[in-house]
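**Student:** Sharing a structure below in structure tokens format, with a few things to ask.
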Amino acid sequence: MNIMDIVGPVMVGPSSSHTAGAVKIGQISRKLLGEPVRQAEIYFHGSFLATGVGHGTDKALIAGLLGMAVDDINIPNSFEAAKKQNLLFSFQGIDLGDVHPNTVKMNLTGESGRKLEVVAASIGGGQIKICELDGLTANFCGDYPTLIVHNLDQPGHVTEVTSMLGHKSINIATMQLYRDSRGGNAVMVIECDQEVPEESIKWLEHLEGIKKVTYLSLEETECINH
Amino acid sequence: MYKSLEEIVKVAEEEEKSFFEVILEDDCKERAISKEESIHQMREMYVAMKQADASYDAKLVSASGLVGCDGDKMRVAREKQDLVCGDFIGLVMEKALKMGESNACMKRIVAAPTAGSCGVLPAVLLSLEEKEHYTEEKMTEALFVAAGIGGVIANRAFLAGAAGGCQAEIGSASAMSAGAITYLKGGNNRQIIHASALALKSLLGLACDPVAGLVEVPCVKRNVIGAVNALTSSDMARAGIFSKIPPDEVIDAMRSIGRSMPASIRETGEGGLAATPTGLKVKENLKNF
């Protein structure tokens with residue numbers, strides 16, 4: 001946080017958590033999908049469900065999925081923009097249980113048919129957290145280039161990924177590991193200080209035991225999903 | 001960002017710099033950017049505030065139908081020259097209402113420190129600029145003063161209604177504005193931080209109790225009291241009236257009050273005005289999806 005977060009940001013109202021945060025969730029989800037979104041099934045939980053329409057959370061989320069920024073004056077008209085850009089969307093309520101009150105689950109399909117399931121929360125002041133990707137814990141905020149590797153829970157995969165990052169002189173800021181069961185599906189979420197090159201991501205994707213590689217690039221238009 | 005208002009004053013005295021310069025230099029150090037870049041970014045914030053004020057649409061009503069059009073009613077009343085508060089305070093009130101309504105109607109605003117309290121700072125700063133014709137450089141400097149004060153509040157306490165009630169939003173915005181006005185009017189550094197303290201003291205304990213959980217009722221109109229309270233606090237400080245409780249301790253008091261507030265009055269829309277029979281009826285009528 002710095003003084004431009006105290007006086008600022010410039011944003012479309014009315015709420016940093018329910019509007020600006022929702023735009024950000026949409027933006028990051030679009031980047032994670034790595035291509036324009038064609039279909040979005042959206043499920044609002046808790047406070048997003050209770051006060052979403054009043055806060056424009058629905059319009060904000062669609063605006064983000066279309067790539068708009070938090071201060072884009074077209075956010076209130078995002079439904080019309082979605083129609084023009086062939087984005088089909090639907091909203092429903094859902095009870096996700098004991099999660100943050102401002103949580104949304106989305107099933108996204110991209111123009112090439114790629115699919116991504118995202119669960120994300122707006123945690124206050126415009127800050128967000130990606131909680132789950134494709135049903136596995138993710139837990140990152142989107143402020144760093146982030147590498148998400150889904151792999152089989154076998155020895156050696158963490159070494160493969162971290163040595164690759166080391167060779168490319170990429171420093172790891174944070175790293176988390178989760179799995180659904182011993183020997184089952186595992187995920188590593190790695191926030192980096194530098195961008196990961198596209199060829200390294202492609203290389204990872206072809207390794208045996210690696211099921212899916214998702215990458216959040218902070219460089220505009222360089223988002224990849226394999 | 002600084003953790004103490006007294007420390008800002010101390011640094012300013014030791015290094016013989018203005019309040020604004022101390023905040024600017026701290027920002028440059030923290031973000032490793034040039035003074036020009038920092039000033040440019042802050043000036044953009046001021047320009048965005050001006051644009052937001054100018055783009056108020058008197059016909060807009062929020063999605064819930066609860067707020068809209070009041071800023072224009074204030075303008076009409078002001079033009080009739082029949083306000084008890086006089087023309088200048090009337091203008092401040094008008095601008096505060098307009099910005100709060102623009103925010104509720106999904107227009108572009110500057111969160112300062114939050115979206116719900118976005119009307120306070122521009123209401124006092126834009127009105128003062130109109131009245132006294134300060135340069136945009138000077139107005140930008142005043143925003144640095146406001147941001148420096150807000151930074152201390154963020155470090156010692158909080159700026160979110162969910163964390164500390166409305167005192168953290170409108171209270172902080174009012175404290176930031178009081179300091180900024182005092183800077184503009186040539187007050188000294190001690191007067192700046194005491195103006196902030198006086199403003200914050202008067203809003204301590206304010207609950208965040210939005211009807212139906214929306215940033216509308218009572219948020220929009222609370223921007224008016226935040227703005228007017230900033231003016232009176234600045235006048236007191238510049239008249240030589242100081243806060244008996246030191247400014248940093250006032251912020252600490254806000255934190256302890258916020259910590260002891262029940263969740264029902266911390267932006268959950270469950271207590272206070274939200275829990276009145278009328279507030280509950282509004283919520284029932286707004287069931288979504």
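**Student:** Quick one: in the range A:86-115, which of the residues that are free of Cβ contacts under 8 Å to residues at least 60 places away in the same chain and in contact with a Lys or Arg (Cβ under 8 Å, 6 or more places away or on another chain) is surrounded by the most Cβ atoms within 10 Å (Cβ to Cβ)?
**Tutor:** Applying the filter and picking the extreme gives A:Leu87.
**Student:** Give the range A:29-50 a look and list any residue that's touching a helix residue (DSSP H, G or I) at 6+ places or on another chain (Cβ under 8 Å), away from every other protein chain (no Cβ under 11 Å) and hydrophobic (A, V, I, L, M, F, W, C), or say none.
**Tutor:** If the condition is that a residue be touching a helix residue (DSSP H, G or I) at 6+ places or on another chain (Cβ under 8 Å), away from every other protein chain (no Cβ under 11 Å) and hydrophobic (A, V, I, L, M, F, W, C), then A:Val37, A:Ala40 are the ones that fit.
Let's see how each residue does on (1) touching a Ser or Thr at 6+ places or on another chain (Cβ under 6 Å); (2) under 22 Å from B:Val120 (Cα atoms):
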{"site": "B:Ala195", "(1), (2)": "yes, yes"}
{"site": "B:Ser202", "(1), (2)": "no, yes"}
{"site": "B:Cys208", "(1), (2)": "no, yes"}
{"site": "B:Arg222", "(1), (2)": "no, yes"}
{"site": "B:Ser234", "(1), (2)": "yes, yes"}
{"site": "B:Ile245", "(1), (2)": "no, no"}
{"site": "B:Thr268", "(1), (2)": "no, no"}
{"site": "B:Gly279", "(1), (2)": "no, no"}
{"site": "B:Asn285", "(1), (2)": "no, no"}
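**Student:** Of all residues being aliphatic (A, V, I, L, M) and in contact (Cβ under 8 Å) with a residue 24 or more places away in the chain in the range A:69-85, which is farthest from A:Ser29 (Cα to Cα)? Just the residue, please.
**Tutor:** From the range A:69-85, those aliphatic (A, V, I, L, M) are A:69-70, A:73, A:75, A:81-82; that's our starting set.
From what is left, the residues that are in contact (Cβ under 8 Å) with a residue 24 or more places away in the chain are A:69-70, A:73, A:75.
On the way: A:Ala69: 13, A:Val70: 14, A:Ile73: 21, A:Ile75: 17 Å.
Only one residue tops the list, namely A:Ile73.
**Student:** What's the total number of residues in the range B:132-170 that are in a helix (DSSP H, G or I), farther than 23 Å from B:Gly90 by Cβ and of a type outside the set (Asp, Glu)?
**Tutor:** We begin by selecting, within the range B:132-170, every residue in a helix (DSSP H, G or I); these are B:132, B:136-156, B:161-164, B:166-170.
From the residues that got through so far, the ones that are farther than 23 Å from B:Gly90 by Cβ too are B:136-138, B:140-141, B:143-145, B:147-156, B:161-164, B:166-169.
Subsequent filtering for residues that are of a type outside the set (Asp, Glu) retains B:138, B:140, B:143-145, B:147-156, B:161-164, B:166-168.
Looking only at that region, the number is 22.
**Student:** Given the criterion acidic (Asp, Glu), outside any strand (DSSP E or B) and buried (at least 24 other Cβ atoms within 10 Å of the Cβ), identify the matching residue among B:Glu94, B:Glu129. Show your work before the answer.
**Tutor:** On the way: B:Glu129 fails: buried (at least 24 other Cβ atoms within 10 Å of the Cβ).
Only one candidate qualifies: B:Glu94.
**Student:** With at pLDDT 95 or above, surrounded by 22 or more Cβ atoms within 10 Å (Cβ to Cβ), touching a strand residue (DSSP E or B) at 6+ places or on another chain (Cβ under 6 Å) and not hydrophobic (A, V, I, L, M, F, W, C) as the only criterion, which of A:Ser78, A:Ser29 stands out?
**Tutor:** On inspection, the qualifying residue turns out to be A:Ser29.
**Student:** What are the pairs with Cβ atoms under 8 angstrom where one residue, in the range A:20-46, is free of Cβ contacts under 8 Å to residues at least 60 places away in the same chain and the other, located anywhere, is in a strand (DSSP E or B) and buried (at least 20 other Cβ atoms within 10 Å of the Cβ)? Sequence gap at least six, or different chains.
**Tutor:** A:Val23/A:Val12; A:Gly46/A:Asn102; A:Gly46/A:Thr103
**Student:** Within the range B:200-225, restricting attention to residues that are buried (at least 24 other Cβ atoms within 10 Å of the Cβ) and part of a loop (DSSP other than H, G, I, E, B), which residue is farthest from the other protein chains (Cβ to nearest Cβ)?
**Tutor:** Once the filter is applied, the top-ranked residue is B:Leu206.
**Student:** Something else now. Among the strands (runs of 3 or more DSSP E) contained in the range A:136-210, which hold 3 or more residues that are within 21 Å of the chain's Cα centre (by Cα) and more than 20 Å from A:Val118 (Cα to Cα)?
**Tutor:** On the way: elements: A:136-140, A:146-152, A:172-179, A:185-192.
Here the list reads A:172-179.
**Student:** Moving on. Considering A:Val118, A:Val53, which residue is free of Cβ contacts under 8 Å to residues at least 12 places away in the same chain and either within 13 Å of chain B (Cβ to nearest Cβ) or in contact with a Cys (Cβ under 9 Å, 6 or more places away or on another chain) (or both)?
**Tutor:** Details: A:Val118 fails: free of Cβ contacts under 8 Å to residues at least 12 places away in the same chain.
Just one listed residue meets the conditions, A:Val53.
**Student:** Could you go through the range B:246-260 and let me know if any residue there is in contact (Cβ under 8 Å) with a residue 12 or more places away in the chain, more than 15 Å from B:Leu159 (Cα to Cα) and among the polar types (S, T, N, Q).
**Tutor:** no
**Student:** Just to check your reading of the model, which residue among B:Ala154, B:Ala147, B:Ala180 is under 20 Å from B:Asp27 (Cβ atoms), within 11 Å of the chain's Cα centre (by Cα), within 10 Å of chain A (Cβ to nearest Cβ) and in contact (Cβ under 8 Å) with a residue 60 or more places away in the chain?
**Tutor:** Every option except B:Ala147 fails the conditions.
**Student:** Of all residues in the range A:1-12, which are within 7 Å of chain B (Cβ to nearest Cβ) and in contact (Cβ under 8 Å) with a residue 24 or more places away in the chain? I'd like the intermediate steps shown before the answer.
**Tutor:** So in the range A:1-12, the residues within 7 Å of chain B (Cβ to nearest Cβ) come out as A:1-4, A:6-12.
Within the range A:1-12, A:Pro9, A:Val10, A:Met11, A:Val12 qualify.
**Student:** Can I ask one more? With the structure loaded, tell me whether B:Ala52 is within 26 Å of B:Ala212 (Cα to Cα) and of a type in the set (A, V, I, L, M) or whether it fails that test.
**Tutor:** So B:Ala52 passes the test.
**Student:** Before we move on, is A:Thr214 surrounded by 18 or more Cβ atoms within 10 Å (Cβ to Cβ) and of a type outside the set (Gly, Ala, Ser)?
**Tutor:** Numbers: surrounded by 18 or more Cβ atoms within 10 Å (Cβ to Cβ): yes; of a type outside the set (Gly, Ala, Ser): yes.
Taking the combined requirement at face value, the residue satisfies it.
**Student:** Checking the condition more than 23 Å from A:Val104 (Cα to Cα), out of contact with any Gly (no Cβ under 8 Å at 6 or more places or on another chain) and in contact (Cβ under 8 Å) with a residue 60 or more places away in the chain, which residue from A:Ile170, A:Ile210, A:Ile148 passes?
**Tutor:** Unique residue meeting the criteria: A:Ile210.
**Student:** Please go through the range A:145-173 and give me each residue that is crowded, with 17+ Cβ neighbours inside 10 Å and not charged (D, E, K, R), ordered by number.
**Tutor:** A:Pro145, A:Thr146, A:Leu147, A:Ile148, A:Val149, A:His150, A:Asn151, A:His157, A:Val161, A:Met164, A:Leu165, A:Ile170
**Student:** Return yes or no: is B:Ala160 surrounded by 24 or more Cβ atoms within 10 Å (Cβ to Cβ) and of a type outside the set (Asp, Glu)?
**Tutor:** Numbers: surrounded by 24 or more Cβ atoms within 10 Å (Cβ to Cβ): no; of a type outside the set (Asp, Glu): yes.
In short, no.
**Student:** Residues of the range B:64-84 being free of Cβ contacts under 8 Å to residues at least 12 places away in the same chain and in a loop (DSSP other than H, G, I, E, B), which ones?
**Tutor:** Scanning the range B:64-84 gives B:Gly65, B:Lys80, B:Gln81, B:Asp82, B:Leu83, B:Val84.
**Student:** Let me ask another. Return yes when B:Ile109 is part of a strand (DSSP E or B) and crowded, with 24+ Cβ neighbours inside 10 Å and no when it is not.
**Tutor:** Numbers: part of a strand (DSSP E or B): yes; crowded, with 24+ Cβ neighbours inside 10 Å: yes.
Yes: the conditions hold for B:Ile109.
The values are calculated or read from the model by the stated rules, or taken from the named source; none is laboratory data. Everything numeric in this text was worked out from a predicted model, so none of it was measured. Quick reminder, even Gly has a Cβ in these numbers, built from the backbone with ideal geometry, and neighbours come from all protein chains shown.
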